[in-house]
Structures are given as C-alpha cells and as structure tokens.
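Written out below as structure tokens is the structure these notes cover.
The values are calculated or read from the model by the stated rules, or taken from the named source; none is laboratory data. These numbers come from a predicted model, not from an experiment. Here Cβ is always computed from backbone atoms with ideal geometry, including for glycine, and neighbour counts include all displayed protein chains. Ligands, DNA and RNA are excluded from the accessible area calculation, which covers all protein heavy atoms including side chains. Shrake-Rupley method; radii C 1.70, N 1.55, O 1.52, S 1.80 Å.
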Amino acid sequence: MPRTLALFVSDLHLQPSHPRNAEAFHRFLAERAMGSQSLYLLGDLFEYWAGDDDLDAPFHQSIIAALRAVSDAGVAVYWIAGNRDFLVGQAFAEAAGLTLLPEPHVTDIGGQRITLVHGDAECTADTKYMEFRAQVRQPAWQQQFLAMPLAQRKAIIAGLREGSREAQGAKSYEIMDVTPDAVSDLFDRTGSNVIIHGHTHRPALHQQGQRRRFVLPDWEVDAEPPRGGWISIDSEGAIRRHGLDGKPLD
C-alpha cells in the first residue's frame, strides 16, 4: 500500500473563539499527520499572530504542543507564512519543532516537482492589498511593529482585520483570487508542474496541460456544511484532495 509522504493544510484561522476548528485540527494531527513523513502548513494557521512574545498564551501553547508531538514522532513539519501570521518567528518554530520555509518553496515529493506558496502574493489584481503586503513584509516595518507593546499590537491588528472585512465586501472574488499571469509566472520561474496553495478559500484543482494547481480549503467546522480538508501525496506520486472526513474528493 502506498505510504503518505506529505500532507498540506492552510487557512485554519485558529482562534480561541472557534474551539471546534481547533478540535478538528488536533484530530487531524493525531489521526492523519502522525502517519505521514512530512506536514506542510501553508499559512494562516492562526487568525492572527502578533509576535512570538505571545507564545505563552494558553491557546497558543495547546497548538504548539500538538505540533511538537507530531515533530517529536519523527514527522518533518514545515511552515510557510500566511497573510495573517507572517510574524511567526524562530521562537515559535523552535517551540513547535518545525522549519520555517521561504516563499515560494520548491520541493520534489513522490517524483513530482512542487511549488508551495500561501497564495496571497499571486493575487496581483488586488493592488491595494499588494501595496500593503509589500509594506508589512519589510524587515524594518516588522522590527518597528514588534517593538510596540503586545497589547498595542493586538489592538492595531484588530483594527486592520475590521478594515479588511469591510474592504473585502466591496471586492469581487476575481480581484481577490490569484491571477493567471501570476500563476503562469510562478510555474515558469520554478520549473515545477504542480503548485499547491491556500489563501483564496476557493478549493479546486485547476489543470492546463501538464500543469496542475491545487487550492486548499479554509477550515470552518461550525459552518453549514462544515468546511475543511487537506491534500496528500503518496509514495507513488498520487496527489489527492481530502475533505474533513479524510475521504478523497477526486
């Protein structure tokens, strides 16, 4: 039977006010990730991350401990930053036993050359967001922001989240989705035949010729119907999308 070489998840938006999402993620780690050689977290694991000096929050400690258990069991755990948790740093990585990856990250798994990104950098039609992203990813901006008291940072983030919700209500799905040109450029630059990403909350498999782009779902267990799932790659190179129940969707 083929072995599971890698699992991919993104956009869980974990937060204390959504405990069922956290419970589902804990089950996924215990029942699925433990049986894989590697686990890739492709951004927005948390609803927001204000800085590694918030590691001691009880909710964060529970997630860190669960990830550490997977890592200690011999599973290689990797992290790509999302637009909500790009301030995760080395202190978090060491506590959780995971490796921070640059974006894009290109890897070979099961005979497939795969590019991994969160997906927000490819939403190039959303020019206002791209300007904001360029600003907050600057090391100087991050250093200045992280120098503020934690409570002040959280208040600023709350305001940004509210503004983001209002802005999204005025934007079309097309503007907030990845653009064909950005996707094509990513394929060309990396020489891969597979891209896996999240961010857009529009799970799908897009195929053009030999190129395939897999989009991960967001997780919202309290929704009706519940949303969530992951992608797997096995030792025969088969890439499959899975729902929350673990059953393949393809």
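How much of the accessible area of region 105-250, in percent, comes from carbon and sulfur atoms when a 1.4 Å probe is used?
Of the solvent-accessible surface of region 105-250, carbon and sulfur hold 51 percent.
With the crude spin-label approximation of a point 7 Å out along Cα→Cβ, what separation in nm comes out for residue 113 versus residue 142?
Simple spin-label model gives 2.8 nm for this pair.
Label residue 90 and residue 61 with points 7 Å out from Cα along Cα→Cβ: what is the distance between them in nm?
Label-label distance for residue 90 and residue 61, simple model: 2.5 nm.
Tell me, what is the percent relative contact order of region 38-177, built from C-alpha pairs under 8 Å that lie six or more residues apart?
With pairs under 8 Å counted, the relative contact order is 25 percent.
Give the separation of the Cα centroids, region 184-250 to region 125-163, in Å.
If you average the Cα positions of each part, the centres end up 28 Å apart.
Taking only C-alpha pairs under 8 Å that are 6+ residues apart, what is the relative contact order of the chain in percent?
RCO, the chain: 24 percent.
Per residue, how many Å² of accessible area does region 89-230 show with a 1.4 Å probe?
Result: 53 Å² of accessible area for each residue.
If a/c stays under 1.5 just call it rounded; otherwise compare a/b with b/c (prolate if a/b is bigger, oblate if not). Do that for region 73-119, with a ≥ b ≥ c from the square roots of the Cα gyration tensor eigenvalues.
Judged from the Cα gyration tensor, region 73-119 comes out oblate (a/c at least 1.5, b/c at or above a/b).
Using R₀ = 45 Å, calculate the FRET efficiency as 1/(1 + (r/R₀)^6) where r is the Cβ-Cβ separation of residue 135 and residue 222; round to 0.05.
Efficiency, rounded to the nearest 0.05: 0.85.
Could you work out [θ]222 nm for the chain from helices alone, using -39500 (n - 2.57) per DSSP H run of at least four and dividing by all its residues? Round to the nearest 500 deg cm²/dmol.
So the calculated ellipticity at 222 nm is -10500 deg cm²/dmol.
Under 5 Å between amide hydrogens, which residues at least 5 positions from residue 6 or on another chain qualify, with H placed 1.01 Å from N in the peptide plane?
Residues meeting the criterion, in which the H sits 1.01 Å from N, are 37, 38, 233.
Determine the gain in length on full extension of the stretch residue 152-residue 206; use 0.36 nm per residue of separation and subtract their C-alpha separation, reporting nm with one decimal.
15.3 nm
Based on the alpha-carbon gyration tensor of the chain, what equivalent-ellipsoid semi-axes (square roots of 5 times the eigenvalues) come out, in whole Å, largest first?
Values for the chain, descending: 26, 23, 18 Å.
Check residue 99: other-chain or 5+ apart residues with amide H under 5 Å from its amide H, H built from backbone geometry?
Sorted by chain and number, the residues that satisfy this are 77, 78, 79.
Would you report the distance distribution of C-alpha pairs in region 16-135 as whole percents per 5 angstrom bin, up to the bin with the largest distance?
Spelled out bin by bin, region 16-135 gives 2, 10, 19, 23, 20, 14, 8, 4, 0 percent.
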